[in-house]
Amino acid sequence: AKKAWPSMLPLSAWIKNFSDRLFQIEEWLLNPEEIPKVTWISGLVNPTSFLTAICQVTAQKNQWELDRLVTFTRVTKFMSPDEVDAKPRDGAYITGLNLEGASWEDGSLQKSKPKEMFSELPIIHVRAVTKEKANVGGMYQCPYYLTKSRGPTFVFNAQLKTTSPPARWTLAGVALIGET
């Protein structure tokens, strides 16, 4: 268990997850110079390094200081990687995120549906912006964890639009979970 990524899956599901991760890596190996059109972030062993790389590429491209950059997210309308025509101009599209404690409808966070623990989130566009340009008004800073155990598997905060006060979602314990 110490030599693998954090997981709470039973063995059969873990093997399927391993197979999917291997497929993503093999696809990436075909063209290692470019990131995939859509990256399954939950399938990366260290997703934090992927997000850091997005910031590093932006810093180099624009000659900005890396310390001044933060990741900023925007939820797209794409539900499947097949719907995406091309890679974004900057940043990356990521998939594999599930909302716990809320749902995503009409472009913003909503109350979760009865008897629904997790709600799949559409593909997210992650990019690096300067701290000054990271406008988070009307957004909930939603934590993303690799597993349902949360705590030690924290990766980053995603900005999700909300019509309710962000404190509502904080009190409800709303989070993004990679492995459900």
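Summary of computed values
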| read-out | value |
| --- | --- |
| Options 176, 171, 146: the member that is farther than 10 Å from residue 72 by Cα, out of contact with any helix residue (DSSP H, G or I) (no Cβ under 9 Å at 6 or more places or on another chain), touching a residue at least 24 places away in the same chain (Cβ under 8 Å) and not polar (S, T, N, Q) | 176 |
| Flag for residue 52 being under 21 Å from residue 141 (Cα atoms) and in a helix (DSSP H, G or I) | yes |
| Tally of residues being open to solvent by 30 Å² or more (accessible area, probe 1.4 Å), over 15 Å from residue 40 (Cβ atoms) and assigned to a strand (DSSP E or B) across the range 73-121 | 7 |
| Positions within the range 61-72 being assigned to a helix (DSSP H, G or I) and surrounded by 10 or more Cβ atoms within 10 Å (Cβ to Cβ), in sequence order | 61, 62, 66, 68 |
| Identity of the residue in the range 38-50, buried (at least 16 other Cβ atoms within 10 Å of the Cβ) and touching a residue at least 40 places away in the same chain (Cβ under 8 Å), that ends up nearest to residue 80 (Cα to Cα) | 38 |
| Failed criterion for residue 58 (all others in (1) closer than 19 Å to residue 143 by Cα; (2) assigned to a helix (DSSP H, G or I) hold) | (1) |
| Filter pass, residue 156 being assigned to a loop (DSSP other than H, G, I, E, B) and in contact (Cβ under 8 Å) with a residue 40 or more places away in the chain | no |
| Count of the range 5-21 residues which are open to solvent by less than 80 Å² (accessible area, probe 1.4 Å) and over 22 Å from residue 150 (Cβ atoms) | 2 |
| The range 51-70 residues that are without any contact (Cβ under 8 Å) to a residue 24 or more places away in the chain and under 16 Å from residue 39 (Cβ atoms), paired with ones that are of a type in the set (A, V, I, L, M, F, W, C) and part of a helix (DSSP H, G or I) (beta carbon under 7 Å, 6 or more apart) | 56/66 |
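The values are calculated or read from the model by the stated rules, or taken from the named source; none is laboratory data. Keep in mind the model is a prediction, meaning the values are calculated, not measured. Every residue, glycine as well, gets a Cβ built from its backbone with ideal geometry; the counts of neighbours run over all protein chains shown. For the accessible areas, the whole protein counts, side chains as well, though only heavy atoms, and no ligand, DNA or RNA atoms are used. Shrake-Rupley method; radii C 1.70, N 1.55, O 1.52, S 1.80 Å.
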